Amino acid sequence: MLCRTLREVSAALKQGQITPTELCRKCLSLIKKTKFLNAYITVSEEVALKQAEESEERYKKGQPLGDLDGIPIAVKDNFSTTGIETTCASNMLKGYVPPYNATVVQKLLDQGVLLMGKTNLDEFAMGSGSTDGVFGPVKNPWSFSRQYRERRKQKSRGEDEDSDWLITGGSSGGSAAAVAAFTCFAALGSDTGGSTRNPAAHCGLLGFKPSYGLVSRHGLIPLVNSMDVPGILTRCVDDTAIVLGILAGHDPKDSTTVQNPVKLFMLPSLTDVSKLCIGIPKEYLVPELSSEVQSLWSKAADLFESEGAKVIEVSLPHTCYSIVCYHVLCTSEVASNMARFDGLEYGHRCNIDVSTEAMYAATRREGFNDVVRGRILSGNFFLLKENYENYFIRAQKVRRLIANDFANVFNSGVDVLLTPTTLSDAVPYLEFVKEDNRTRSAQGDIFTQAVNMAGLPAVSVPVALSSQGLPIGLQFIGRAFCDQQLLTIAKWFEKQVQFPVIQLQELMNDCSSVLKNETLPSVSLKQ
């Protein structure tokens with residue numbers, strides 16, 4: 001049951017094959033079994049069981065609130081949740097319990113979902129590995145999959161398997177691990193420069209970043225206001241569309257959301273792609289790109305071409321400046337946003353009472369880790385009066401040029417862009433932490449951050465397993481507010497590639513029979 005799609009489990013609940021309470025208990029049991037993954041910071045067991053009881057009553061009366069009534073979901077721990085601690089994986093917010101729900105959380109609760117808990121992340125979502133939070137790193141469920149373990153045994157002799165676990169990607173790694181390990185059916189992440197798409201690619205999931213303004217940011221603790229969007233992590237495109245249909249739309253509490261009413265996101269089954277034009281940005285073919293990802297990217301383009309689509313090489317000429325531009329704008333907004341954490345109103349406060357200034361300094365030193373403090377320092381440097389024009393204003397102008405690059409390509413008749421999501425498959429934790437956070441983030445965000453600066457929708461779709469037995473994802477980028485078209489194309493592609501199900505027999509009694517049977521071919525692109 002835990003391996004089914006949202007639509008399938010919703011049908012099972014309506015038909016009485018399982019009750020919300022039974023489903024909730026199965027997920028809670030699995031959360032306990034997979035505690036070593038460190039996917040959750042807070043498990044809201046009592047809340048979820050109470051919500052399940054209420055959902056059960058509605059089903060008995062034949063009055064479910066919607067397709068998601070009684071379905072377990074998880075939420076990244078940078079979304080405010082009434083009565084449930086919201087920490088951003090930082091000492092600064094340990095013990096902070098918000099008095100209100102983020103709009104996206106409230107919209108899900110209004111549909112009767114079961115909130116299983118708050119998921120782990122990099123501190124204040126600053127990172128691309130989910131390794132830098134105060135609660136420790138998140139382990140990728142694929143580290144313990146049969147596909148990876150069997151191939152590792154063939155290659156390694158006598159190495160300690162348990163110390164060689166893989167990162168999930170970040171910063172929404174907890175949400176990705178929670179969905180990949182079947183502890184919930186969907187999860188909310190946030191995406192500022194790729195924080196939903198990156199872990200989705202490493203964990204074999206769908207990671208969707210909506211158009212900026214389509215989904216409310218109210219209650220999402222801000223990192224970069226002009227780029228942050230709530231992201232959605234699921235196991236298939238249809239599930240993403242169901243969740244997006246609930247979350248999308250105007251919110252009076254977020255002035256950046258669209259004013260127009262949003263229709264439900266029902267995805268048509270695309271059978272003919274011959275009228276589509278797929279753009280392949282030549283600037284995304286970088287030297288650091290692994291040969292396996294490059295090969296799958298090329299085969300994906302060939303797949304569209306073989307089905308009659310027009311596939312053309314396109315140019316996004318300002319791509320080479322995007323990561324530097326993103327760094328300047330990101331750290332500048334971070335410095336501004338982090339100013340609110342002063343030890344006076346909420347969150348951590350140190351014991352020093354020599355002076356207000358000393359209290360501020362000690363509070364922020366104790367509350368923030370090195371990564372956050374480093375970004376604040378960078379941002380404040382760029383915002384100094386003597387540097388403002390040369391850095392911040394210039395970066396804003398480059399951002400406009402990057403957005404124009406995308407607009408020019410889409411105006412030329414291209415429907416979607418096809419790119420890699422990450423440079424390679426997931427790397428072992430011990431290898432990942434050899435580099436500093438800033439270098440790792442620059443590498444991890446290379447294909448994803450430009451989309452945030454342009455406000456476009458993008459989705460990472462799992463394509464195939466690497467030679468190591470690990471997921472590789474490719475990214476589709478769409479026109480602004482053409483999220484439905486983007487997901488429709490992603491759904492067609494998903495159907496073609498038939499990504500295999502993760503095999504976690506040792507962890508999961510509930511799914512073992514399903515997983516043994518569901519060894520799908522490892523993708524048409526690998527043939």
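The values are calculated or read from the model by the stated rules, or taken from the named source; none is laboratory data. Keep in mind that this is a model prediction, so the values were computed, not measured. Positions of Cβ are backbone-derived with ideal geometry, glycine not excepted, and every protein chain shown enters the neighbour counts. We work out accessible area using only protein heavy atoms, side chains counted, and drop any ligands, DNA or RNA first. Shrake-Rupley method; radii C 1.70, N 1.55, O 1.52, S 1.80 Å.
By how many nm would the segment from Lys14 to Thr256 grow when fully extended, if each residue of separation counts as 0.36 nm and the alpha-carbon distance is taken off? Spell out each step's value before the answer.
On the way: separation 242, 0.36 × 242 = 87.12 nm, distance 3.68 nm.
Contour length minus Cα-Cα distance gives 83.4 nm.
Say each of Ser306 and Ser274 gets a label point 7 Å from the Cα, pointing the same way as Cα to Cβ; how far apart are those two points in nm?
Distance between the two pseudo-spin positions: 1.8 nm.
To check you understand DSSP bridge types, tell me what percent of the beta bridges within the chain (both residues inside) are antiparallel, rounded to 5.
Bridges in the chain are about 65 percent antiparallel.
With θ set to phi - 60° and the Karplus curve 6.51 cos²θ - 1.76 cosθ + 1.60, what are the ³J(HN,Hα) couplings of the range 56-68 in order, to the nearest whole Hz, using x for Gly and Pro?
Once θ is set to phi - 60°, the couplings for the range 56-68 become 4, 4, 5, 5, 4, 7, x, 10, x, 6, x, 5, 9 Hz.
Cross-link partners among lysines for Lys253, C-alpha distance below 18 Å, same-chain residues fewer than 8 apart left out?
Straight-line reach from Lys253, under 18 Å: Lys107.
For the pair Gln498 and Leu285, what calculated FRET efficiency results from E = 1/(1 + (r/R0)^6), where r is the Cβ-Cβ distance and R0 = 30 Å, to the nearest 0.05? Don't jump to the answer; show the numbers that get you there.
On the way: r = 26 Å, r/R0 = 0.87.
That gives a FRET efficiency of 0.70.
If I take R0 = 56 Å and measure r between the Cβ atoms of Val354 and Glu45 in this structure, what FRET efficiency does the formula 1/(1 + (r/R0)^6) give, to the nearest 0.05?
0.85
Let me spell out the model: positive unit charges on the Cβ of Lys and Arg, negative unit charges on the Cβ of Asp and Glu, origin at the Cα centre of the chain. What dipole size does that give, in debye rounded to 20?
About 460 debye.
Have a look at Ile376, Trp492, Ser424 and report the one farthest towards the positive end of the charge dipole of the chain, computed about the Cα centre with Cβ charges (Lys/Arg +1, Asp/Glu -1).
Of the options given, the answer is Trp492.
Given a Förster distance of 30 Å, report the FRET efficiency between Leu344 and Arg25 from their Cβ-Cβ distance, rounded to the nearest 0.05.
0.10
Whole angstrom only: what separates the Cα centroid of the range 387-411 from the Cα centroid of the range 240-258?
Here the two parts' Cα centres lie 26 Å apart.
Percent of accessible area on the chain owned by carbon and sulfur, 1.4 Å probe?
50
What longest range of the chain stays clear of loop-exposed trypsin sites (Lys or Arg not before Pro) (DSSP non-H/G/I/E/B, at most 10 other C-beta within 10 angstrom)? Mind showing how you got there, number by number?
Working: sites that count: Lys61, Arg157, Lys263, Lys275, Lys385, Lys434.
Formally, the longest exposed-site-free interval is 276-384.
If you count only protein heavy atoms with a 1.4 Å probe, what accessible area per residue comes out for the chain, rounded to a whole Å²? Write out the running numbers ahead of the final one.
Numbers: 20560 Å² over 527 residues.
Accessible area per residue, the chain: 39 Å².
Kindly give the semi-axes, whole Å and largest first, of the ellipsoid equivalent to the range 36-157, taking each as the square root of 5 times a Cα gyration tensor eigenvalue. Don't skip to the end; give the middle numbers.
Values: eigenvalues 193, 96, 22 Å².
Output for the range 36-157: semi-axes of 31, 22, 10 Å.
Are there GluC sites (Glu not before Pro) in the range 297-382 that DSSP marks as loop and that have at most 12 other Cβ atoms within 10 Å, and which are they?
Within the range 297-382, the qualifying GluC sites (Glu not before Pro) (loop, at most 12 other Cβ atoms within 10 Å) are Glu345.
Restricting to DSSP loop positions (anything but H, G, I, E, B) with no more than 11 other Cβ atoms inside 10 Å of their own Cβ, which GluC sites (Glu not before Pro) remain in the range 134-223?
Numbers: sites: Glu150, Glu159, Glu161; in loops: Glu159.
Listed in order of number, the matching sites are Glu159.
Okay, which of the range 403-446 sit inside 13 Å, backbone N to the point 7 Å along the Cα-Cβ direction of Ser315?
Under 13 Å, as judged by backbone N against the label point of Ser315, lie 405, 409 of the range 403-446.
Kindly write out, for the range 37-48 in residue order, the coupling ³J(HN,Hα) from the Karplus curve 6.51 cos²θ - 1.76 cosθ + 1.60 (θ = phi - 60°), rounded to whole Hz, with x marking Gly and Pro.
Taking θ as phi minus 60°, the curve returns 5, 6, 6, 9, 8, 10, 9, 8, 4, 5, 4, 5 Hz for the range 37-48.
Which pairs in the list Lys299/Lys491; Lys275/Lys491; Lys14/Lys35; Lys35/Lys94; Lys32/Lys491 are over 25 Å apart, alpha-carbon to alpha-carbon?
Beyond 25 Å: Lys14/Lys35; Lys32/Lys491.
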